[in-house]
Amino acid sequence: MLNKILLAIILGFFVGFMPAGGQTTPTAPVRIKGKIIAARVQGHVEAVSNSDGSKRVLRDGDKVSDQTTIVTAPGANIILAFSNGATVNVAGDSNLNIEQFEQDPFAADVKLSELKQEPTTSTTKLSLTKGELVGKVVHLNVDRGSEFTVQTPVGAAGIRGTIFRIVFHPDPATGKVYFVVTTADGKVVLTRGVTTQVSIPSGKTVVAYFNYTPPTTPGGTGTVTNVIFPPVEDVSPLELTQITAAVQTMAASTSSTVFTPLGPNGDGNGNGNGDGNGNGNGNGNGGGNGNGNGGGNANDNGTDNNPSQPAAVPAPTSPQSGSGA
């Protein structure tokens, strides 16, 4: 009798640690590589692989992956569209490293122009080592783990779902770097190290010059010293006009961009009209291939084969640093 009681106690102990109904605990979705499209390219723009240094010239509709550095020639410009709803307008003479872009899979088509909030959760890590960009990021699911950061040699800008501009223009001749972080809408948090943090709300900007030592090796980022962030100030009307023009260009260039669901291997096609037959065949982005439905030969870049070209809008420019930098 005693043995039966002991057996019942032991069984009850182990049963108490089993999930209800004998089911296993559900696991969180596994993030996969998100999809990035060169929505519009003007001038000479290269994609340089971070792993082997191989280069390719980018054109409208080309796919881009993370672990790639975007290099724009002076006077060039590229608009990148991300499947989490973000768009980035990179100006000429810039280097932008797409260090990481991962995203939880989503179940339905995502039309970029209609997004107000990202479809799932994502991690986006960019690094601007030279030049400038304007970005528009839809509302991020930060409470569920999403993050979007732009690293510079000065510090990291944490984006909270906003319209922003970042400038990093080093001048080796003067030993100075011109640095700007502007928030046109939303909020950006600028962080350097573990102790310095500056909140930049809507309509505010940080403008500064710091000491700069050029890199000693090709492709290096150089060193910035004596970094003390000045107080935030109001954004000038001229800069707001420049940012607005860049955002309008991004909207026009991505108005027809659609990302189809990403599978567990990162496969999925952007929708295009092809020969007028709906969704055509195209290779998926990421680790596998996926075919669209229909018989047309559609692009897998999320744009029409013959998109109308939006009117050119000048890319944002920064003030000249001058000899007093």
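Every number here is computed from the coordinates shown, using simple stated rules; none is lab data. Since this is a predicted model, take the numbers as computed values, not measurements. Cβ atoms come from the backbone with ideal geometry, glycine included; neighbour counts cover every protein chain shown.
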For K63, list the lysines whose Cα falls under 17 Å from its own Cα; do not include residues on the same chain fewer than 8 positions away. K33, K35, K55, K111
Ranked highest first by average number of other Cβ atoms within 10 Å, how do 194-203, 72-81 line up? 72-81, 194-203
Quick one: what are the phi-derived ³J(HN,Hα) couplings along segment 160-169, Karplus 6.51/-1.76/1.60 with θ = phi - 60°, whole Hz, x for glycine and proline? 10, x, 6, 10, 8, 9, 10, 10, 9, 10
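I'd like to compare 207-220, 31-44: which one has the highest average count of other Cβ atoms within 10 Å, and what's the full order after that? Before the final figure, lay out the partial values.
Values: 207-220: 13.4, 31-44: 21.6.
Highest to lowest by the protection proxy: 31-44, 207-220.
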Which aspartates and glutamates have a Cα lying under 19 Å from the Cα of K176, excluding residues fewer than 8 positions away in the same chain? D93, E132
Please list the non-local residues whose amide H lies under 5 Å from the amide H of K204, H modeled 1.01 Å from N, same-chain partners needing a gap of 5 or more. T183, V235
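Go through 98-104, 222-228 and give me the packing order, highest mean Cβ count within 10 Å leading.
Working: 98-104: 20.9, 222-228: 13.1.
Answer by packing, highest mean first, reads 98-104, 222-228.
Quick check: net charge around S202, other residues with Cβ under 14 Å of its Cβ, Lys/Arg +1 and Asp/Glu -1?
On the way: positive: K136, R160, R165, K187, K204; negative: D185, E233, D234, E239.
Spelling it out: positives minus negatives among the neighbours equals +1.
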